[in-house]
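Colleague: Mind looking over this structure? Questions follow.
Coordinate-derived values only; no laboratory data. Because the structure is predicted, anything quoted here is derived from the model rather than measured. Cβ: placed from backbone, ideal geometry, glycine included. Neighbour counts: every protein chain shown.
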Amino acid sequence: MTKKLEGKVAVVTGSGQGVGRGIALVLAREGAKVVTNNRKPGSTGAASFKKELDEQFSEEERAKLLALKGDAESTANEIIRMGGEAVPFYGDVSDYATAGKLIQTGVDAFGRVDILVNNAASLGFGMLATTSEADWDYQTVPKLKGAFNCMSHAIPLMMKQKFGRILNVASDAWVGIAGLGAYSAANAGIVGLTKAASKELWPFGVTCNAFCPQAASRGHVNFRATLRELMEAQGITIKVDEVKMKEVEEAHGPAENMAPFVAYLATKEASYISGAVFSITANGRVTLYSDPLPACEIKKNDGPWTVEELIKTVPENLLKDYVSIATLNEWA
């Protein structure tokens with residue numbers, strides 16, 4: 001196998017387990033030296049949204065969580081065992097100074113930072129009417145502020161060396177999912193941040209892309225368990241679509257199966273790709289999201305619109321054939 005990332009240095013946040021771990025391993029297999037990261041040493045694997053929900057995990061789910069346990073050191077050791085180079089760094093990247101120390105670790109250990117994968121996140125679940133300020137911060141700060149913090153420290157290095165690959169982990173929730181308001185907002189922010197950064201950094205040989213992964217992770221297990229618990233509490237039952245369920249589980253296979261596309265985006269061959277948003281799954285599906293574009297407009301040149309005029313004109317011209325996305329929502 002040709003090592004397309006030979007000589008490159010990657011920093012992967014949230015790489016102790018799940019998606020981040022899979023990405024770190026595949027980048028290393030392609031020749032990159034890797035700085036792995038998570039908040040603190042050790043992991044039980046059971047990171048439910050709320051501790052009181054731990055008993056809601058089925059035996060199968062508990063087994064999956066235990067199989068997914070790990071931390072920055074265990075991932076780094078796995079890379080070293082397979083002949084690569086890696087160093088672990090423990091720290092919460094939502095703290096600006098800590099994010100700076102993480103990036104500096106790459107410089108101190110390997111001389112540079114070429115690839116930054118912003119994967120660290122906290123997942124939550126809940127309707128907006130019951131989302132507390134603490135819940136909002138928990139779901140938005142690690143992902144969005146953490147990405148900014150790491151980018152802020154890495155970008156000057158990448159601009160100076162005229163090369164860099166920033167890969168921001170978003171979620172398909174960025175389009176807006178009921179029950180995931182805060183998480184949707186954080187990921188929509190990641191998409192906006194990615195597109196803005198891509199335009200600023202293009203002249204310096206630095207690309208910035210976002211991707212929405214589906215692969216085996218604690219978050220996937222936790223989401224299913226929490227959703228089931230909430231539905232049971234409200235007396236809601238649904239008929240399981242076995243075909244759809246099988247497809248979902250296949251999409252959430254080993255993260256290493258999803259990560260080659262991430263590695264591709266880090267290569268010199270992908271230098272023409274920037275500002276894009278992809279959805280990628282562990283069973284081989286890669287989807288490119290379209291860019292948002294104006295769909296229609298109305299304009300009046302002889303003075304401001306009146307409300308009466310808008311009542312008549314908007315349905316006939318601006319929003320002809322429009323259907324509110326809210327009416328298509330399964331939670332409505």
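Colleague: Using a 7 Å offset from the Cα along the Cα-to-Cβ direction at both residue 318 and residue 172, what is the distance between the two label points in nm, to one decimal?
Modeller: About 3.2 nm, to one decimal.
Colleague: For the residues 273, 103, 325, 80, what sequence is obtained by ranking on other C-beta atoms within 10 Å, fewest first? It would help to have the intermediate numbers written out before the result.
Modeller: Details: 273 17, 103 24, 325 10, 80 14.
With the sparsest Cβ surroundings first, the list reads 325, 80, 273, 103.
Colleague: Further question on the same structure: Is there a pair in 143/320; 101/162; 69/199; 101/268 whose C-alpha atoms are over 30 Å apart, and which pairs would that be?
Modeller: Working: 143/320 37 Å; 101/162 22 Å; 69/199 38 Å; 101/268 27 Å.
Over 30 Å Cα-Cα: 143/320; 69/199.
Colleague: Let me ask something else. Summing +1 for each Lys or Arg and -1 for each Asp or Glu, what net charge is found among the other residues whose Cβ lies under 9 Å from the Cβ of residue 88?
Modeller: On the way: positive: none; negative: 71, 73.
Neighbour charge sum, excluding residue 88 itself: -2.
Colleague: Please report 272, 289 as a ranked list, fewest other C-beta atoms within 10 angstrom at the top and most at the bottom.
Modeller: On the way: 272 6, 289 17.
Lowest count first: 272, 289.
Colleague: I need the calculated FRET efficiency for the pair residue 272 and residue 6, taking r as the beta carbon distance and R₀ as 25 Å, to the nearest 0.05. All intermediate terms of the calculation are to be shown ahead of the outcome.
Modeller: Values: r = 21 Å, r/R0 = 0.83.
E between residue 272 and residue 6, to the nearest 0.05, is 0.75.
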